[in-house]
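Structure, as structure tokens:
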Amino acid sequence: MPISSPPIPPARSATSRRRVLIVDDNTELGDTLRAVVASGIPGIAIETAESGAAALVKAKKGFDVAIVDVKLPDVSGIDLITPLRAVSPFSEVLLLTGFASVDAAIGALRSGAFAFVLKSFRPEELISIVEQALTKVELKHERDELERRYRDLVEVTDVLVVALSGADEVALMNRKAASLAGTTSDQALGRSIFDSWIPAEDHAALRAALATTRAQGRTTEAETGFVEARGTRIGAPAGEGAPGDAGAAQPSPRARRIRWHLSPSRESGDLVYGIGIDVTERRALEKRAADAEALSAMGELAMNLAHEIRNPLNAAVLQLHLLTRNLDRIEADELTRGALKDRTRIVGDEIGRLNRLLTEFLELARPRGIAREPVHLPRLADEVLDLEEESAKGRGVTIVRELPEDGCVAIGDREKLKQVTINLVVNALEAMKQGGTLTVRVRPDHERVLMTVEDTGPGIASELIPNVFDPFFTTKEAGTGLGLSIVRKIVDQHGGDVEIESERGRGAKVLVSIPIGR
Ligand code: ADP
């Protein structure tokens, strides 16, 4: 559908009347001037004043052009120019004088007068000059209005707007860019974009693009990271944040991905304007699509293989069971028997791990639809925490439940959402080897239900956060690396979102939001 832009209203409404202020102590001349201007410029509003002081009072009501006699009883017309224009900044002043001298004319123009008119003027001459002055005032209003609209546009737009000096220092940064950079538009001024916000690995690409823009005077494109101060959120395929103090308030800044269109400035030499589109989410989606494709390519073959492995594995479990029982019956000293038992236990543990891997892999790879039923998430979380209570106690972990009774019913698959909760709670417990606090919260959040699972464990190093949802990514000795992949798959199936906020040494917080789905 073509998008038509709304009509732009004129800078000043067509009905706003143009106003002239005549300042002359000679009332007769004042009246003549009024009559001439009124006859030549229909519809014009005219005020008159007989002294400088009176003129300044009248000026406060607003005027566009003042016709001022150079000789006034209280002040020189020349000295009145500045205070008059201070009252109405876009106005113009015509000086009226009885004698013509080059010096007087130069003096008048130097002091900012629009023109210098002799009292022996012809009416059409005066009208023409007043019209020219009015046109100039009108143009100044229009330019101001356009500039204001342009500034508003730059400020409210959802794209990043940055201007860089020849030394790559920020000469302008709009609100959107500043908020991603964790600063304000004012504080960004004069700072080097490279030192503060561009990750080191992207310096070369951006420098090359800027050099081409300046040397060839044409628009170029570049994609770079851009450090944001707040985020430790997942979803960014980008690398880590650059060194720099953008995130001083909050450590471990992370980079967004920005696609820059760099254009040279027409007016000033090396200035380059950068319009940036935040492509972080797009890149993350592309990565997820690629992951999904890789999974489905592995898909059927791997699923069949997994099923095939199950049978011999089950047979092995059975044989191991018999072997363990027979161990008690063989003749051997306790030491030998103990060592043999240890070995069988290790084999048993490994088979258990393989089994878990298979189960989780099949869960992830199986293309199964989800049920759509009302699920009371606080109750579900309560149940899972009851299940894990013993395990938590054994680890010295205190469980905090913030689970309201009302308003947190999502539409989805109960069993799958339970799986999500279990995976997150188990991860949190496994992280807290030295004890700690596990807090599970559920609360309504607009059209969604938000569940957060927070621990006080060691947290996740920021460079690992982009990987934790990858299948088979694990830092645990006996981990499968599939827990969070399953979480993400289920949450995706529900049309929800999952994010991790974490810093090394400060625990981890996983946020899952599921649509209420009316
Ligand atoms: P697994 O638990 O089998 O390793 P997951 O996909 O559930 O697989 O988790 C992947 C990795 O993410 C973990 O190995 C761990 O490094 C990290 N991780 C997940 N949850 C937490 C947490 N609460 N605290 C610290 N690290 C975590």
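The values are calculated or read from the model by the stated rules, or taken from the named source; none is laboratory data. Since the model is a prediction, treat every value here as computed from it, not as a measurement. Positions of Cβ are generated from backbone atoms using ideal geometry, with glycine treated the same way; all protein chains shown enter the neighbour counts. To get the accessible areas, we keep the full protein, side chains included, count just its heavy atoms, and leave off ligands, DNA and RNA. Shrake-Rupley method; radii C 1.70, N 1.55, O 1.52, S 1.80 Å.
Things to note:
- Complete set of residues in region 82-106 that are touching a residue at least 24 places away in the same chain (Cβ under 8 Å) and of a type in the set (A, V, I, L, M): Leu84, Val87, Val93, Leu94, Leu95, Leu96, Ala104
- Extreme residue, surrounded by the most Cβ atoms within 10 Å (Cβ to Cβ), among residues of region 473-497 that are in a loop (DSSP other than H, G, I, E, B) and among the polar types (S, T, N, Q): Thr480
- Criterion (farther than 30 Å from Val36 by Cβ, among the acidic types (Asp, Glu) and out of contact with any helix residue (DSSP H, G or I) (no Cβ under 9 Å at 6 or more places or on another chain)) met by exactly one of Asp168, Asp152, Asp186: Asp152
- Applying the condition of being part of a loop (DSSP other than H, G, I, E, B) and in contact with a Pro (Cβ under 8 Å, 6 or more places away or on another chain) to region 383-422 and asking which residue is surrounded by the fewest Cβ atoms within 10 Å (Cβ to Cβ) yields Glu405.
- When region 424-472 is filtered for residues that are out of contact with any Ser or Thr (no Cβ under 8 Å at 6 or more places or on another chain), within 24 Å of Ala290 (Cα to Cα) and either among the aromatic types (Phe, Trp, Tyr) or assigned to a helix (DSSP H, G or I) (or both), the ones remaining, listed by number, are Pro466, Asn467.
- Cβ pairs under 6 Å, 6+ apart, first in region 503-515 and polar (S, T, N, Q), second open to solvent by 50 Å² or more (accessible area, probe 1.4 Å): Ser513/Arg448; Ser513/Asp497
- Which listed residue is among the small types (Gly, Ala, Ser) and either over 30 Å from Ala294 (Cβ atoms) or buried (at least 16 other Cβ atoms within 10 Å of the Cβ) (or both), from Ala332, Ala371: Ala332
- Here region 501-515 is the region considered, the condition is being touching a Ser or Thr at 6+ places or on another chain (Cβ under 9 Å), at pLDDT below 95 and in a strand (DSSP E or B), and the residue that is most open to solvent (accessible area, probe 1.4 Å) is Glu501.
- For His494, the test of being closer than 26 Å to His376 by Cβ and free of Cβ contacts under 8 Å to residues at least 60 places away in the same chain is failed.
- Comparison of Gly62, Gly30 shows that the only residue that is open to solvent by less than 70 Å² (accessible area, probe 1.4 Å), of a type outside the set (S, T, N, Q), modelled with pLDDT under 95 and not in a loop (DSSP other than H, G, I, E, B) is Gly30.
- The lone exception for Lys433 - which of (1) closer than 28 Å to Glu373 by Cα; (2) within 11 Å of the ligand (Cβ to nearest atom); (3) among the basic types (Lys, Arg) it fails: (1)
- Screening Val442 with (1) modelled with pLDDT of 95 or more; (2) crowded, with 19+ Cβ neighbours inside 10 Å; (3) within 15 Å of the ligand (Cβ to nearest atom); (4) of a type outside the set (Phe, Trp, Tyr) gives one miss only, at (3).
- For region 445-465, filtered to residues that are within 11 Å of the ligand (Cβ to nearest atom) and open to solvent by 30 Å² or more (accessible area, probe 1.4 Å), the residue that is nearest to Val498 (Cα to Cα) is Glu454.
- Check on Arg518, basic (Lys, Arg), more than 9 Å from the ligand (Cβ to nearest atom) and at pLDDT 95 or above: no
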